[in-house]
1. Between ARG8 and ARG420, with labels modelled 7 Å along Cα→Cβ, what's the label distance in nm to one decimal, could you check?
2. Among the listed pairs LYS233/LYS433; LYS172/LYS439; LYS407/LYS427, give every one whose C-alpha distance is greater than 30 Å.
3. For segment 102-192, give the magnitude of the charge dipole about the Cα centre (Cβ charges: +1 Lys/Arg, -1 Asp/Glu; no others), in debye to the nearest 20.
4. Rounding to the nearest 10 and keeping the result within 0 to 90°, find how far the Cα-based axis of helix 336-352 lies from the longest principal axis of the chain.
5. How would HIS459, HIS277, HIS300, HIS138 rank on accessible area, largest to smallest, probe 1.4 Å?
6. Tell me whether segment 243-333 comes out rounded, prolate or oblate; compute the Cα gyration tensor, take square roots of the eigenvalues as a ≥ b ≥ c, and use a/c under 1.5 as the rounded threshold.
7. With a 1.4 Å probe and all protein chains in place, put ARG194, ARG125, ARG280 in order of accessible area, largest first.
8. What 222 nm value per residue comes from the helices of the chain, counting each DSSP H run with n ≥ 4 as -39,500 (n - 2.57) and dividing by all residues, nearest 500 deg cm²/dmol?
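The values are calculated or read from the model by the stated rules, or taken from the named source; none is laboratory data. It should be emphasised that the depicted structure is a prediction, and the values quoted were computed from it without experimental measurement. Heads up, the Cβs are rebuilt from the backbone with ideal geometry, glycines too, and the neighbour counts pull from every protein chain shown. Side chains are part of the model used for accessible areas, which takes the heavy atoms of the whole protein and leaves out ligands, DNA and RNA. Shrake-Rupley method; radii C 1.70, N 1.55, O 1.52, S 1.80 Å.
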Amino acid sequence: MSLEEEKRLSKIKDAIIAAEKWKNVKLKKANTLLQKKVNNGLATIAKLKENLRIAKLPKNSSNSSRAPSTDLYKPKRSKDLSLREKSGKKTGGQPGHKGTTLAFSTETPDEVINHIPDFCSECGRSLASIPAELGEVHQQVDIKVPPPVLINHQSMIKHCTCGKCNKGAFPKGVQGRVNYGSGLIALVVNLSVRQYVSYERVVEFIEDLYKIHISEGTVANILKRFAIGCDGKIEEIKDGLQASKVVCADETSGKLDGKKIWFHVYQNDRLTFIGAHRSRGQIAQQTFFPLGFPYSVLVHDCLSMQLSTPACLHQICNVHLLRELKAFLEAHPKIEWSKQLIRLIKDAIDLNKKDPKPTEVAKIEDRLTKLLKQNMGKAPGKIPAMWKRLNKHKDKIFLFLKYPELKIPPENNSSERAIRNVKVKVKVSGQFKSDDGAKDYATIRSIIDTANKQGINIHEELVSIAQA
């Protein structure tokens, strides 16, 4: 073989080796890229599996903001995850608890029925000629449906010596030829708004008991006119709330002609205001309370709209935090941070039940500071978001311990109870048919709940408003 041939073959060989090396490099790169995709896919699958596991964890009123009425099953009790601490007391009535039973009345009865034996139960002889004497007395408390009262209002005429014919003026509520009285109006309002009875059944109830026929349209008109008559009372409630030291706020959704509507509640231990609005946001608060609550501590669930509401101070709901933390603990049981924060919040709530000393409050705040300094930014699930939120609103968590004289509640449960009636109403009625209907319900419910808190007889209060 010639030298030139050998050089040519050597070049070919080098080219083949270089090609193989290049091919191997490309294959290696392709393999690395493919392996990266596989790893990413496996990581995505693992993440989706974890999300699915968390999603499958049962949500109920103890680990979320869901209402107790939405619980489809009774969750298993867990000593570690329960939000309620054991009191150590036995179930049932406690020593010293005053029971309520039917008491025997010593007043003169409306009716007396004597039950006299006719024959001897032993020998069978007639007892007709033997005088009876009083034995035991048993009482029966019953009610009778009173008949409707028909009142004719007559406009009397007097002729003055000057020749003027003077007619007596009819009072408010008697302008029409035939009118419904305040008692009937109050009963319709009570049945519809307080007792959640549908229009159809209100009509049926009134006709069955009182033989008075009214239509569903009449029920709607009665509620509308009554709500208008509540304007003065509503302003009193709003003024009272704005002058209060503590106000609690919450909101819940309802249905209005197939679309979502929001009911907002602002309340304390004596007053309740409920307002209906298409918006859940700041525009609703500005509609109901344009100035906010500059002299009050506002207790709420850390919703951005509530945080933006002007107030002297803000207290966020600790029970909402406990529910979130319980959900975290169920989803990620190895995260100690959730357990420690749950214990801290429970200790703070327990301390609030006593007369907290400044040193005890300082210890609680120091524990909170240490927990929030732990970097939870890379923790799984929604823990990082909560960690950031608590750091941002640290001063609003245990505010109730700093000002014990104001009696700030550590939670917002009273507002949840105050707004729960909306959910019951929606369950019964399905939805509201108009904006006015929703607003009328909210107005009347504000009056009823305020009267209930103040120990006022609700029906008498409704009669009083109907007469005004």
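1. 9.8
2. Numbers: LYS233/LYS433 25 Å; LYS172/LYS439 24 Å; LYS407/LYS427 35 Å.
With Cα atoms farther than 30 Å apart: LYS407/LYS427.
3. For segment 102-192, the charge dipole is close to 1400 debye.
4. The helix 336-352 is inclined about 30 degrees to the chain.
5. On the way: HIS459 70, HIS277 40, HIS300 0, HIS138 155 Å².
Per-residue accessible area, sorted high to low, gives HIS138, HIS459, HIS277, HIS300.
6. Values: a/c = 2.14, a/b = 1.22, b/c = 1.76.
Oblate, since a/c reaches 1.5 and b/c is not below a/b.
7. Details: ARG194 65, ARG125 175, ARG280 100 Å².
The most accessible residue leads, giving ARG125, ARG280, ARG194.
8. Details: 15 runs with 217 residues, N = 468.
My calculation for the chain gives -15000 deg cm²/dmol from helical runs alone.
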